[in-house]
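Trainee: Can you read through this structure? Questions will come right after.
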Amino acid sequence: MANHGAELLPEGFQMRLLGGFLVSVGARTVDDAAWRWRKSRAIVKLLGLTKGHRLHKEEVLDRLWPDQLPKAAANNLYQAIHLARLALEPLLPASTASDWLRLQGDNILLDPRCGLSVDADDFEVAATAALRAHDTGALEQAVRLYAGELLPEDRYEDWTIERRETLHRLHLSLLMALASQHERTGDFPQAIGALEQAVASEPANEEAHVGLMRLYARAGLRSNALQQFQRLKESLRRDLDADPGPDSIALYQNVLAGHLPPGEHTPIDARRRSRSRPSPERSPAARAARLVREAPPHLPGNLPASMTSFVGRRRELADLRELLPTTRLLTLAGPAGGGKTRLALALAESVRRDFQSGAWWVDLAPLADPALLASAVATSLNVREQPGRSILETLSEDVGSRNVLIVLDNCEHLLDECSRVANALLRAGPTPRILATSREALCAPGELLWRVPLMSLTAAAKPSFEDAQQSEAIQLFVARAKSSAPAFALTLENVRAVADICRRLDGMPLAIELAAARARHLPVAEILMRLDDRFRFLVGMRSMPDRHRTLRAALDWSYDLLGDAERLLFNRLSVFPGSFTLDAAEAACAGEGVETAQILDLISRLVDRSLIAVEEGPGGSIRYRLLETMREYGEERLQESGAATVTRRKHRDFFLALVEQARPDLLTPRETEWFERFEGEHDNLRAALDWSLETGEPEAVLRMGGELWFFWETHGYWREGRTRLEAALNMTRGAQTTARADALHGAGRLAWCQADFAGGSPLLEEALDLSRKLQFKHGVTKALFTLALHMARHGDLAQATTLLEEAVVVARELGISPMIANRLAWLWPLVYQRGDFARAVNLAEECATVARACGYFGSAAFGRRAEAWLAHRTGNYDEATALSKEALAIHRTEGGGRSKASLAIPWMLAELGELALEQGNYQQATAIYEESLALSRELGSKDYVAISLNGLANLARDLGDFARSTALHQESLDLGKEIESRPLVASCAYGLGLVERYRGGLDRAASWLDESLSLYEAMGNVAGAADALHALSIVACDLGDYERAAALIQESARLLKGGAGRLTQARCLEALAAVGSGRGNMDQATRLLASASAAREVMGTPLPPYDRADQDQRLATLRAGLGKVFSATWTAGRGLPVEQAIGEALGR
């Protein structure tokens, strides 16, 4: 252990950066949790990486907080240094300089005198020396020092990349040098082992693969050498989108032909311990000459050369290789530009050796006359016409006895003739096989149809860099962009835009390739922006086939093959921006050339033609979808036809009726089913609402939005829902309808979700006035309820209570149990805060009873919360925690499983975090509060962000991290002021007062607590005022003003009037004990502390560590003062009920 204040240096400081971060100080390993903050670890890592282990503070600020203002960044820096010192030296007194992490002027350094050892430095020194010495032992020792990739947990941090690459390259150099040494001495197993490590470290390292091929071949393991070449090909394709170099191919061909590479044939077992010197090296020219051998025999066929690399599709290609031998006619079907031709070519190339008579390619795209199809096939296969016989007879006779693969590419415009010719060729003999590509099936006998999927996209809307690299669509974009602009690379900065491009283009290979070609002249962000006009923007090179030169041409090709009714339906289906059901298509698209009864058959034909995709919806239902590119094409055609307005109105009317159909089932168990349906139809709902606004039909928006607001609330669509409602409201000023009243309420409710008191209150006041005028009770209770929520957040507790009480009355008149339960769920906390504790308990009990009986999931959650509060209040933490978890689980499944967007989730998480914190479960509390904070940030809920920050601040305070606690409270306070939430401001002031008290700033503590008390009193929040008075009494004790402390605790107890919860009672006893101890009343103080201690043990709520230290000191004073009678007094106090103890202390 360090001897602080003396000249002795600490025992040693070891830092591991290779394979993961770890620090050992002397014999103690610093646990991950000890760092407390990622940035505190990062500072130590940065110093470990830096030469001399010293950095100017500006360098640290620039690397760790580049986007923050200087003052905020500097505060974070000093906080991070403080936490790092605590991690390294947890017993270091606050005023003592660290032995390890020092500040010298503007420099931050790891003191070199502390016996500092960094494994990355040790490895670099050893590796450099070993490579210079060419000594096998030194090389092996250096390799052992490389424990893995540098800081893998920080793989994408800019400040690690250069050093990581340097060390990685050094490690590879060691392995290659070690393999070379072992090969010279004939120790092939050791050489192979070193190269296998190199390949594992860098799978696309061609030099290591070639070395393995050579060694396997020299050792007589020919099959291993050939397999190694296949691994090389796969790795290069996957990682670099490249092919093996000519030397690698030449070596492969030599091994395949049975020619040994340079060196003596040495069976691996026989030479395992051999150390004989190899024959002298030949010149590079001679060595290259030995590698160049005859190519494998030429295979017949005419497969076109691939002009670009084949990207992705590994699984599809493997599946097709297995399928092809099981059928004689395999058809690859898919949409225009879907990659059918490229996949067929890759499949044909991969299996061509299986066909002695070769693989033959027939491009049918230029062929317009079906009668010429057989001639086109014959020409491709070099079959000549014979006099007096049809070309099909001649062709059939020629291929009937040959083991041949015929690829018919682009069959969709010649389906009948393709089917006839294929049938004739396959009947001619057992050996020919046909691979076809088409946008629909040939419908030939024995045909196996295989749908070509579009390229895989990222699952997440905001993918990580690693996830993006797994997407085939993104791999294709990057490969083609590199072909157009060799300097192009996928980066952390552009990965999101590239993913969005691929998603906008549905993973369609042709569209992606056309977009990637634009990377030569445009950044990806601009390419993404220009996709709004994709048919003009996506134009290819002149060398491309006409049908693929533009995206429009590819779709024109498919569209021109449709019948009249199919075209009409395809056009009209473009009004569906998302997926759709059959009944929706029938409602929107029937009429004028398309009968309702035809639509199912027409959709099926469009599915067969790869223009519509089929999806499985909720409950196994069938849904259909046009790819976005197809939809935009159809939309243009619909506009040209003049039928857009009629079709869009039918679309809107269908979804308006759907939303209104749900009304009777809302606030019932079936609500979840409807919300699942709305989620599935959300793109269609958006389109219907927007079209109504664009065409001046806002009444439909009022009607739809008045029903959808709770779906929008629970699914996180606050901004878009409110924006549409307010647009319709602005267009219908003066309307006196219940639809307007409902829409006003919906907009006001979404404003509450956004913590917009100023914007939401006028909407709700108008909703309430209009509902009263129309005698619309549903509207009255909804407006009263949500207006009360606004008032409560603003701190007008009296007005909020009055509004909620009336809302309960109206809900009772309507007889709607879920409404009653939900309003009671918000009423009892207000009544409690205002000091009517007995009534609050009664209301909470009624809420729980009504909620249990009504069967509605939302009310059930509120009922569990009420029961949890009742259990918490009486000190039953196990029951309170279990009930809170039940409530949370209900909210998580609320609204069709998308409830992570519901504000009820962070609300319940905050309450669970408080329970864990009070029980001293700090790790659990941290996880809960951090989840609450992350979700609140994702939702954009400023008030719940602030509440979560407050919880984390309280946690930091209890753990003694006062700087972090202050910073978190301050951030929460700023948010509270921004959204004009007086309760939040009061809570933050209270928290800041407690932290200042712990830090020893008693005057500042009193100031913050006085501000908190004033706010609570102004709001009429009796419970909050009692807490502030209690805290002020503790500060008065710290200042030695025991008379004032006694008066403050008396006033706090008077406000609580016996309504305090069990933990509050225990805290009251502890404060009274402090007063008694300060006044010299040792006997009373001991009994009060003992009673509080016993209560805490029963509840399982230990004192936080910092308070525990204070209390231990107080107990030591009491023990010394009472002497021998202390034990008896303590035992007597432990048997004293808390209520009785408080009464005696207060003279009651």
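Trainee: Using a 7 Å offset from Cα along Cα-Cβ at ASN382, what residues in the stretch 337-364 end up with backbone N under 17 Å from the label point?
Mentor: 353, 355-362
Trainee: Among LEU170, GLY1076, ALA967, which residue has its Cα furthest toward the positive end of the charge dipole of the chain, with +1 on Lys/Arg Cβ and -1 on Asp/Glu Cβ?
Mentor: Farthest towards the positive end: LEU170.
Trainee: Between ALA497 and ARG812, what is the label-to-label distance in nm when each label sits 7 Å out along the Cα-to-Cβ direction?
Mentor: Each label point is offset 7 Å from its Cα along the Cβ direction, giving 6.2 nm.
Trainee: Place a +1 charge on the Cβ of each Lys and Arg in the chain and a -1 charge on the Cβ of each Asp and Glu, then give the dipole magnitude about the Cα centre in debye, rounded to the nearest 20.
Mentor: In debye, rounded to 20, the chain gives about 1980.
Trainee: With equal scatterers on the alpha carbons only and no solvent term, can you work out the Debye log10 of I(q)/I(0) for the chain at 0.06, 0.09 1/Å?
Mentor: These q points yield log10 I(q)/I(0) values of -0.73, -1.23.
Trainee: If R0 is 35 Å, what FRET efficiency do you get for GLU938 and GLU845 from their C-beta distance, rounded to 0.05?
Mentor: Calculated transfer efficiency: 0.50.
Trainee: Compute the distance in nm between two label points, each set 7 Å from the Cα along the Cα-to-Cβ direction, one at TYR1106 and one at ARG28.
Mentor: 2.1
Trainee: Among CYS1037, CYS1068, CYS589, what is the fewest-to-most ranking by other Cβ atoms within 10 Å?
Mentor: With the sparsest Cβ surroundings first, the list reads CYS1037, CYS1068, CYS589.
Trainee: Estimate the FRET efficiency between THR128 and THR327 by the formula 1/(1 + (r/R0)^6), using the beta-carbon distance for r and 60 Å for R0, to the nearest 0.05.
Mentor: Efficiency, rounded to the nearest 0.05: 0.50.
Trainee: A follow-up question, please. How much length is gained on full extension from ASP601 to ASN730, taking 0.36 nm per residue of separation minus their Cα-Cα distance?
Mentor: 42.0 nm
Trainee: Return the distance in nm (one decimal) between the two label points of a simple spin-label model at ASN403 and ARG315, each offset 7 Å from Cα along Cα→Cβ.
Mentor: About 3.2 nm separates the two model spin labels.
Trainee: So, one more: Could you give the radius of gyration (one decimal) and Dmax (whole number) of the Cα atoms in the stretch 314-451, in Å?
Mentor: Considering the stretch 314-451 through its Cα atoms, Rg and Dmax are 13.9, 48 Å.
Trainee: Another question about this same structure. For the chain, what is the mean residue ellipticity at 222 nm derived from helices alone (per DSSP H run of n ≥ 4: -39500 (n - 2.57); sum divided by total residues; nearest 500 deg cm²/dmol)?
Mentor: -20500 deg cm²/dmol
Trainee: Magnitude of the Cβ-charge dipole of the stretch 328-450, K/R +1 and D/E -1, about the Cα centre, nearest 20 debye?
Mentor: 360
Trainee: With N denoting the number of residues in the stretch 703-815, provide Rg(C-alpha) divided by 2.2 N^0.38 Å, to two decimal places.
Mentor: 0.98
Trainee: Share of antiparallel DSSP beta bridges in the chain, in percent to the nearest 5?
Mentor: So the antiparallel bridges in the chain amount to around 45 percent.
Trainee: While we're here: Which distance in Å, rounded to a whole number, links the C-alpha centroids of the stretch 747-799 and the stretch 104-131?
Mentor: If you average the Cα positions of each part, the centres end up 64 Å apart.
Trainee: Moving on. Indicate the gyration tensor shape class of the stretch 1032-1089 (rounded, prolate or oblate), computed on the Cα atoms with a ≥ b ≥ c the square roots of the eigenvalues: a/c under 1.5 is rounded; otherwise a/b larger than b/c is prolate and the rest oblate.
Mentor: oblate
Trainee: Given TRP869, GLY617, THR672, which one lies farthest toward the positive end of the charge dipole of the chain, if we put +1 on the Cβ of every Lys and Arg and -1 on the Cβ of every Asp and Glu?
Mentor: The residue sitting farthest along the positive end of the dipole is GLY617.
Trainee: Excluding residues fewer than 8 places away in the same chain, name every one of the lysines whose C-alpha is closer than 23 Å to that of LYS977.
Mentor: Candidates past the 8-residue exclusion: LYS71, LYS942.
Trainee: Just how far, in whole angstrom, is the stretch 657-695 from the stretch 958-995 if you go by their alpha carbon centroids?
Mentor: Here the two parts' Cα centres lie 40 Å apart.
Trainee: Please report the equivalent ellipsoid semi-axes of the stretch 1003-1062, computed as sqrt(5 x eigenvalue) of the Cα gyration tensor, largest first, in whole Å.
Mentor: Semi-axes, largest first: 18, 15, 8 Å.
Trainee: In addition: Convex hull over the Cα atoms of the stretch 608-674, averaged projected area in nm²?
Mentor: If I average the Cα hull's projected area over directions, I get 6.2 nm².
Trainee: Tell me, what is the FRET efficiency for ARG719 and ASP974 to the nearest 0.05, using R0 = 35 angstrom and their Cβ-Cβ distance as r?
Mentor: Taking R0 as 35 Å, the efficiency between ARG719 and ASP974 is 0.95.
Trainee: Which one of HIS82, LEU949, PHE123 has its Cα pushed farthest toward the positive end of the charge dipole of the chain, where Lys and Arg give +1 and Asp and Glu give -1 at the Cβ?
Mentor: PHE123
Just so you know, all these numbers are worked out from the coordinates, no wet-lab data involved. Note that the coordinates shown come from a computational prediction; the quantities given were computed from them, not determined experimentally. Note that we place each Cβ from the backbone using ideal geometry, even for glycine, and neighbour counts take in every protein chain shown.
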